Each structure stands twice: as structure tokens, then as C-alpha cells.
Amino acid sequence: MKKFLYWGIVRPIFYVILRFLYPYKIINKKRTDDSYPSVIVCNHLSNADSFMVGTCFNKKIFFLCKKEWFKNKLVGGFLRLIGGVPIDRENTDLNAIKECFKVLKDGNNLGIFPEGTRNKTDNVLLPFKNGVGMIALRAKVTVIPLFIYKKPKMFRKNYICVGEKFSLEEFYGIRDKSVYDLATEKIRDNLLKTKIELDEFVDKKKNRKGNVK
């Protein structure tokens, strides 16, 4: 029943509404083919980000969401339906971490915004939480970086770029906990590479059409 509600009702409705209110182009969508299981990482600019990322893939993505959103049973139930995984952002949440590993073990994709909160600054990225490196490394899954060009605004064209999938296998077997920082650093570097690829795409469009609205 939950599967039917998600694929038959909720996802199609949200997809149509989202693409109408927040029009955006997915660059390199083919890179999402045969990508399971993977950890999906993306910069975080708005509450619409998880829905934008979700439409890039043909299979349901489970996302880490702050636990405060689950206090309301109705909202919490809806978030669970679309793949929300509650996490305590202020403390080490072992239950959330275990659920993340289960999601990946079951062959699903796990979406994480490594900055931990929306970026409301002029910086390209906020400092990363190293939990993303720990999860991807211990689960021994690939990582797919995505980058959203700018904060989504209603009826303004936007872009989201899918970067090259990569692994953390060079860190497998290292028992020192500092390896999580190294894995997180590699994830950040690849996310920035995806941004460069996105910027180049948008610049080419500007040169062809004069500007990007």
C-alpha cells in the first residue's frame, strides 16, 4: 500500500507541482542510471532541495531529515512515506546511523546534505559533517555528488548537475578514525568539481543566449 501511495499518487503529484513552481534542468541525468546503492550528496540551499534531488533518480531515495520535523505525527508520517529518516543533528544518533546502513544494505540510495543545514551565507559550501564520510566508507558504497546552481525561487529557471560517481575504496581497511575526515574531504572535493562542471554548463548557455534568468 505504501509503495502504491508513493509511486502512484505522491511522487507524480509532487513532481508536477515542483517542476511547475520551480522549473529546473537536470544536467547529466544519465549518470544516475544503475547507481544503487549509493550515498547521494548535494549542497543545501532550500527546503525544496530534497525533492529536486529525488526527481533526478528513477528509484526512491531515503533522506536524512532533522528529527524536529517528525514531532507532528501527520508530517512525520508523510516524511516517512517519501523516505525521510529522522536524525538528531545535535548529538550522535546511533538509531539514525543504523537505519542509514539498513537503507544501503537493502540496495537503496541514501541522500545526505553534508553541510547539515541550509546554506544562508555567501560561501559556496558550509563546513561538512564527517558523518557522511563515515557512513559511505563503512557501508562500502559509491558516492554520487549533485550540485544545485542557486537557491530555488518560484518560476525562476534553475539547474542541478549530477557529478561523476566515485568510490572511497582507497580508505578501506584503515582503522584510524581520522580516515573519516579524509573520506569526507574527498566527498567535498568531488562536490566542488561538480559545481565547476555546472558553472561551465551555465556559462556556455550565457554565451549562447546572452543571459540566464
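Total residues in region 128-156 satisfying the condition of being without any contact (Cβ under 8 Å) to a residue 60 or more places away in the chain and hydrophobic (A, V, I, L, M, F, W, C): the figure is 2.
Just for region 117-128: of the residues that are out of contact with any Pro (no Cβ under 6 Å at 6 or more places or on another chain) and either among the hydrophobic types (A, V, I, L, M, F, W, C) or closer than 15 Å to Asn91 by Cα (or both), which one is modelled with the lowest pLDDT? Applying the filter and picking the extreme gives Thr117. Within the set Met154, Met134, the sole residue that is aliphatic (A, V, I, L, M) and modelled with pLDDT of 95 or more turns out to be Met134.
The values are calculated or read from the model by the stated rules, or taken from the named source; none is laboratory data. Just so we're clear, the structure is a prediction, and the values are computed from it rather than from any experiment. Heads up, the Cβs are rebuilt from the backbone with ideal geometry, glycines too, and the neighbour counts pull from every protein chain shown.
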